[in-house]
Amino acid sequence: MFSQVASVLQKLFHIGLCALPIAACADMAEVAELPKNPAAAITLPAGFKVNVFARLKSANNDYFRGARFMAIGPDGNLYLSMGMDNKVLMLPDRNSDGIADEVVTVADNLNAPQGLAFVNGKLLVANQDGVGRLEQKEGKWPASGITSLIKGLASGGHTLKTIKLGPDGYLYLNIGSSCNVCDETDATRASIHRYTVDGKPAGALQTLGRHAQSSVWASGLRNSQGFAWHPQTAAMFATNNGSDMRADTKGGKVNDEIPPEHLNRIEPGKHYGWPHCWGVPDAGGKSVYRQKTDPNFPGADGFCDSAQPPEITFPSHSTPLGITFLDKAKFPAEYKTDAIVALHGSWNRQQPSGYKLVRVKFKQDNAVEVVDFATGWLDNKAAWGRPVDVIVGPDGALYVSDDRAGLIYRMSYQP
């Protein structure tokens, strides 16, 4: 039911955008036929190999369904959310052959789960309207119930939530915007939030007296579903999806090349520009950015000058989602301080962008370059897969979820 509603709403939203007076209406890459050997269709740097770890139900062209975000449990097993399929699964590999032995249902009949986090050995799941703790009976799955931890989260619009346990011992959670470009009336939207492990708000602004403590940690983030912490400095970095159908002149035609997608360094209390600004290269160099005002939705005078610029950018509408650092991966030494980001792929460009994995190179804890890591899902205007999330397993391999193809890949390095 949830998947049907979400698909209808997304398509209606798309039809509404297509009714605007623009030069043409684009769509996501067409669904290409799944290759007989998907691993052979993916191109990786020399020395790397990929195999299919698990096969699941394909989402094809449906929105928000299929294999989404992952977590590694204290048992060493891979756990996976299924979005609007309303499930959480476990994919054990007991004989360590790089292929899941079976698909175990951890929980069913959830409410669009996405983010998964283990806290004190217990599995937390972020539904679209709240966060709950899955309860086991005699230490076995499926869950016997769910205990609510955080309630009443804003849903609709960019509704899927990601939750992770930060190195400071707090829970971090995203809440996406309700719209493409608008002034939100709900201050909790378009932001990243922080909570204690007991579910109590622990935002950047400390309140006194009768005022309730806010959970907002950083704002001006249209849709930041992926975030991770630098392994050496513990700096937080989050992917963010920019607005659609924008023009670079007032009243001008839509330009597919703007705005770029962001990778942001998340700092408490900072505003990252949405809905009035987007990042552009500064005169100081290609890896130095500033915020530019949207000519068709400007904020107050000087607003974008005070907004936090991105750390680095990705091609417009490529939809960066999951991110993971590679310090624990059994990859070459030059990868150890870098990150991999999943570009889920555009739905609103004449020439699709994304549909691949990229490597973000870091110098100390500064992102300095973005290069391709894994390609092959997209061929011209058709794609057979859409990477969603990335995570390093206990075996040092990189695991990748793909909702369109219904696959989990295992990428490893063989010197």
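Some points to look at:
- Two-decimal ratio, the stretch 353-415, of alpha-carbon radius of gyration to 2.2 N^0.38 Å: 1.24
- Between the stretch 352-415 and the stretch 301-345, the Cα center-to-center distance that results, in Å: 12
- Within the chain, percent of DSSP bridges classed antiparallel, to nearest 5: 95
- Along each principal axis, taking the top coordinate minus the bottom one, the Cα set of the stretch 42-192 gives 51, 43, 32 Å in descending order.
- Within the stretch 257-401: Cβ-based charge dipole about Cα centre, in debye rounded to nearest 20 (Lys, Arg +1; Asp, Glu -1): 240
- Cα gyration tensor shape for the stretch 163-239, rounded if a/c is under 1.5, else prolate or oblate: oblate
- Modelled FRET efficiency - R0 22 Å, LYS57 with SER144, Cβ distances, 0.05 increments: 0.35
- Of the residues ALA333, GLY279, ILE323, the one whose Cα sits farthest towards the positive end of the charge dipole of the stretch 277-356 is ALA333 (charges of +1 on Lys and Arg Cβ, -1 on Asp and Glu Cβ, taken about the Cα centre).
- Here the chain is scanned for GluC sites (Glu not before Pro) in DSSP loops (not H, G, I, E, B) that have at most 16 other Cβ atoms within 10 Å, and the longest stretch holding none of them is 258-415.
- Three-way shape call for the stretch 90-133 based on the alpha-carbon gyration tensor, with the a/c threshold at 1.5: prolate
- Lys/Arg +1, Asp/Glu -1 at C-beta; the chain dipole; positive extreme among GLY83, ASN37, GLN291: GLY83
- Shape of the stretch 46-130, Cα gyration tensor, a/c cut at 1.5: oblate
- Probe 1.4 Å, accessible area per residue of the chain, Å²: 42
- Dividing the alpha-carbon radius of gyration of the stretch 196-320 by the rule-of-thumb value 2.2 N^0.38 Å gives 1.16.
- Extent along principal axes [Cα atoms of the stretch 280-415; Å; largest to smallest]: 53, 37, 21
- Within the same chain, lysines fewer than 8 places from LYS161 are excluded, and of the rest, those with a Cα less than 26 Å from its Cα are LYS11, LYS57, LYS87, LYS122, LYS140, LYS151, LYS200, LYS270, LYS328, LYS356.
- Farthest towards the positive end of the charge dipole of the stretch 304-415, among the residues PRO309, TYR413, VAL358, is the Cα of TYR413, using unit charges on the Cβ of Lys, Arg, Asp and Glu.
- Equivalent ellipsoid, the stretch 261-358 (semi-axes from 5 times Cα gyration tensor eigenvalues, Å): 27, 18, 12
- Built amide H within the under 5 Å cut-off of GLY376, gap 5+: THR43
- Distance between modelled label sites at LYS330 and GLU135, nm, 7 Å Cα→Cβ extension: 4.0
- If you take the Cα centroid of the stretch 181-222 and the Cα centroid of the stretch 84-99, the two points sit 34 Å apart.
- Under the convention that each Lys and Arg Cβ holds +1 and each Asp and Glu Cβ holds -1, the size of the dipole of the chain around its Cα centre is about 280 debye.
- Translational diffusion of the stretch 130-195, estimated by Stokes-Einstein from the Kirkwood radius over alpha carbon pairs at 4 °C in a medium of 1.567 mPa s, is 95 µm² per second.
- Per atom type, the chain shows carbon and sulfur on 50% of its accessible surface, probed at 1.4 Å.
- In loop segments of the stretch 293-393 as defined by DSSP, there are no chymotrypsin sites (Phe, Trp or Tyr not before Pro) with at most 16 further C-beta atoms inside 10 Å of their C-beta.
- Distant-in-sequence amide H partners of LYS381 (H built 1.01 Å from N, under 5 Å): none
- Computed from the C-beta positions of ASN109 and ASP75 and an R0 of 30 Å, the FRET efficiency is 0.80 to the nearest 0.05.
- ³J(HN,Hα) computed for each position of the stretch 115-132 - Karplus, 6.51 cos²θ - 1.76 cosθ + 1.60, integer Hz, glycine/proline x: x, 10, 8, 9, 10, 6, x, 9, 8, 9, 10, 9, 7, 6, 10, x, 10, x
- With DNA, RNA and ligands ignored, accessible area of ASP248 (1.4 Å probe; Å², nearest 10): 70
The values are calculated or read from the model by the stated rules, or taken from the named source; none is laboratory data. Small disclaimer: the values here were computed from a predicted structure and weren't measured. As a convention, Cβ positions derive from the backbone with ideal geometry for all residues, glycine included, and neighbour counts pool all protein chains shown. Remember, those area values only see protein heavy atoms, side chains included, never the ligands or the DNA or RNA. Shrake-Rupley method; radii C 1.70, N 1.55, O 1.52, S 1.80 Å.
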